1. Please give every one of the lysines within straight-line cross-link reach of Lys114, meaning a C-alpha to C-alpha distance under 24 Å, and leave out same-chain neighbours fewer than 8 residues apart.
2. Applying the Karplus parametrisation 6.51 cos²θ - 1.76 cosθ + 1.60 with θ = phi - 60° to the phi angles of the stretch 159-172, what ³J(HN,Hα) value in whole Hz is obtained for each residue in order, glycine and proline being reported as x?
3. Whose amide H sits under 5 Å from the amide H of Tyr306, counting only residues 5 or more places off or on another chain, with H placed in the peptide plane?
4. Note down the magnitude of the dipole of the stretch 4-231 about its Cα centre, charges +1 on Lys and Arg C-beta and -1 on Asp and Glu C-beta and zero elsewhere, to the nearest 20 debye.
5. Step through the residues of the stretch 354-367 one at a time and calculate ³J(HN,Hα) from phi using the Karplus curve (6.51 cos²θ - 1.76 cosθ + 1.60, θ = phi - 60°), rounding each to whole Hz and writing x for Gly and Pro.
6. I want to verify the translational diffusion coefficient of the stretch 243-366 in µm²/s; compute it with Stokes-Einstein, Rh as the Kirkwood radius over Cα pairs, at 37 °C and 0.692 mPa s.
7. Set the Förster distance to 35 Å, then compute FRET efficiency between Glu357 and Thr28 from the Cβ-Cβ distance, nearest 0.05.
8. For Ile187 and Lys275, FRET efficiency with R0 = 25 Å and r from the beta-carbon atoms, rounded to 0.05?
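Since every read-out is calculated from the coordinates, none of them should be taken as a lab result. These numbers were taken from a predicted model, which means no experiment stands behind them. When we count neighbours, we look across all protein chains shown, and the Cβ atoms used for this are built from the backbone with ideal geometry, even at glycine.
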Amino acid sequence: MPEIILKNVTKRFGKSVAVDNLNLTIPTRSFITLLGPSGCGKTTTLRMIAGLETPTEGEIIIDGKTVFSSEKGVNVPPNKRDVGFLFQNYALWPHMTVYQNIAFGLENLKWDKKRIRQRIDELLAMLKIEEYEKRYPSELSGGQQQRVAIARTLAPNPKVLFMDEPLSNLDAKLRTEMRTELKRLHIDTDSTFVYVTHDQLEAMTLSTKVCLMEKGLLQQYASPLEMYLRPANLFVADFMGSPTMNFLKATAKKTGDCTCEVSFCGLTRTFTGSKPLGDVPEQVTLGVRPEFMTIRPDGPVKASVYSTLPAGMETTVKLRLGGEIVTSVIFGSVDYPIDSEVSLDFCGSDMLLYSTESGALIADGSL
Ligand SMILES: Nc1ncnc2c1ncn2[C@@H]1O[C@H](COP(=O)(O)OP(=O)(O)O)[C@@H](O)[C@H]1O
Ligand SMILES: [Mg+2]
């Protein structure tokens, strides 16, 4: 089973850099998402691994075999890379039935009729579309069409499956359902998934590891939980999590190996890092997830309610704090009147300290 390695991979289109010196190791059987805002280089990265786009520089190794090297002049064509694709526009052939759509690729690979029948039966069962075998795409819902497209991609048993925003054309409910299915499919097929999305929730919930990019540059490559708890810089911190993290302006003074005094919103507290702090600049940004921004009667900081958004299971409260709007999320349904005054506290073990100037994470720790 293939492990995929990218070494110093760069892609330029004319003068603009789409992917900038990317180094990435995709372990066997992992579910990796390439995540980031539109135009950050996700699709280009995927296409380069697949062989549909030629990198300007670098090396790509799949399963121990160099499939691309600018230095050695190697460029293995896509059909020799043993990979499958599922793109955003998963056009099925309209004049072919579900069965024919799935069989087409296998016939091209010269599979015999019996083997094709067997494989398609397996796939139809796996994707729960047995009863649609004889239908045409126009007789299927969007979700069913998507399942057929997945079956078609999985048919020849690719060891690596590439998916470029495959759920973006589906409605919200179906998207959630398909996420569940994809996660099961990953285990059932025992293959490596490389998945492109701009949706951080999709990346968080699906993947074993997330590769977050911005402007062609890798920002962080880590497990979803690591990324959520210890975002490597302010960009990652802002991108991961919804509602987004609060960033409070603060000043810091180092007081010990793992501790510093942090002043913000008129408070001074001791920040204790989970590991030694290194250099701490004076200007810092304190990152507080909305769930750790607590509203309580004896909280030391006053804020006023900007708006309250109860969603049933939790309530998002937007607050005016100094000149800024901050966000608190409370479990359960609460309705604070607009402009009422509340008291806030920031405490817990999941606080983040960033350098305001460089945006780099100084440490995670507790307040
Ligand atoms: N064929 C191309 N020619 C010129 N520029 C391109 C081409 N494909 C992509 N780009 C540029 O490269 C950057 C990354 O694009 P892409 O990988 O499609 O981003 P994403 O998939 O993250 O939205 C963008 O700025 C895009 O405009
Ligand atoms: Mg794209």
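1. Lys128, Lys134, Lys159
2. 7, 10, 10, 9, 10, 10, 6, x, 9, 5, 8, 9, 6, 4
3. Those qualifying (amide H under 5 Å, at least 5 residues apart or on another chain) are Lys318, Leu319, Arg320, Asp339.
4. Numbers: 31 positive and 26 negative charges, 77 e Å.
Dipole about the Cα centre, nearest 20: 360 debye.
5. My calculation for the stretch 354-367 gives 10, 6, 5, 6, 8, x, 7, 5, 8, 5, 9, x, 10, 10 Hz in order.
6. Details: Rh = 14.9 Å.
Roughly 220 µm²/s, to the nearest whole number.
7. Values: r = 40 Å, r/R0 = 1.14.
The calculated FRET efficiency here is 0.30.
8. Details: r = 34 Å, r/R0 = 1.37.
After rounding to 0.05, the efficiency reads 0.15.
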